[in-house]
Amino acid sequence: ATKKRCTALVVDVSLSMHPHLGHVGDHLSRVVQNRILNAKIDEFALIAFGSDETNNDVHTEGLDAAAANGERDYEEEYRNIAVKIPMGCCSSESAEVVASLRGMAGSAPSDYLEALVVASDMLVNHQRGGAFLRRIMLVTDLRTPCEADDDFIGDIARGMRAVDMQLTVAVVRGEESEDETTRIQEEDTVMANRETLQ
């Protein structure tokens with residue numbers, strides 16, 4: 001029997017992605033529509049990072065833990081990451097939400113590593129009968145620098161491998177900046193982010 005697939009679509013909606021959100025939304029909407037027609041049991045979620053809003057369980061759990069421990073100086077983590085569609089079966093309504101990515105454009109910094117943690121947490125804690133494949137599709141231009149140490153990256157990788165989670169990264173290519181210094185900085189950021197994801 002074919003295993004059900006649970007996929008978290010993790011999309012960068014930060015400033016540098018704004019010109020691409022229309023066609024990214026159209027493409028991902030077609031992917032969801034295809035799943036409706038050909039794999040009715042598959043489930044998916046949509047997570048936007050670089051969003052102007054924060055709505056995810058990892059952020060909420062951090063706040064709750066800090067409050068329970070009486071921490072007054074708790075620095076909020078996993079901000080600007082919003083679950084736009086919780087994990088569930090594909091539907092025409094959810095395909096429409098995915099198609100409207102342009103309306104989700106944010107102005108906050110995007111941290112793809114924290115977004116991967118939110119998606120991994122969602123997939124690990126997702127309870128459904130029977131076995132299922134866990135997948136993350138990350139869509140970004142990799143232009144926003146991410147601060148990460150090797151331990152944090154290793155923890156993410158180990159957690160994903162432990163449950164056979166698959167990661168697919170779709171890098172959107174944008175127009176290069178005309179200013180040479182800015183262009184070199186952007187290229188350096190993209191290269192550093194590519195190395196982190198390998």
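Of note:
- For region 30-134: accessible area per residue (Å², 1.4 Å): 53
- Taken one residue at a time, the phi angles of region 74-89 give Karplus couplings (6.51, -1.76, 1.60, θ = phi - 60°) of 4, 8, 4, 10, 6, 8, 6, 10, 10, 7, 8, 9, x, 4, x, 5 Hz. Gly and Pro are set to x.
- Among Thr60, Ser91, Gly25 - extreme Cα towards positive end, dipole of region 1-96, charges at beta-carbon: Ser91
- Order of exposure, largest accessible area first, which applies to Arg72, Arg30, Arg173 with probe 1.4 Å: Arg72, Arg173, Arg30
- Peptides ranked, highest mean first, by Cβ atoms within 10 Å: ranges 73-82, 138-147: 138-147, 73-82
- Per-residue SASA entry for Lys84, accessible area with 1.4 Å probe, Å² rounded to 10: 60
- Dipole axis of region 1-129 (+1 Lys, Arg; -1 Asp, Glu on Cβ), positive-most option in Tyr74, Leu123, Ser16: Leu123
- Sequence ranges 155-162, 103-110, ranked by mean other-Cβ count within 10 angstrom, highest first: 103-110, 155-162
- Packing-based order for 12-18, 63-69, using average beta carbon neighbours within 10 Å, highest first: 12-18, 63-69
- Within the shell of other residues whose beta carbon sits under 13 angstrom from the beta carbon of Arg135, the net charge comes to +2, with Lys and Arg scored +1 and Asp and Glu -1.
The values are calculated or read from the model by the stated rules, or taken from the named source; none is laboratory data. Keep in mind the model is a prediction, meaning the values are calculated, not measured. Methodologically, a virtual Cβ is constructed for each residue, glycine included, from the backbone with ideal geometry; neighbour enumeration extends over all protein chains shown. Accessible surface areas use protein heavy atoms only, side chains included; no ligands, DNA or RNA. Shrake-Rupley method; radii C 1.70, N 1.55, O 1.52, S 1.80 Å.
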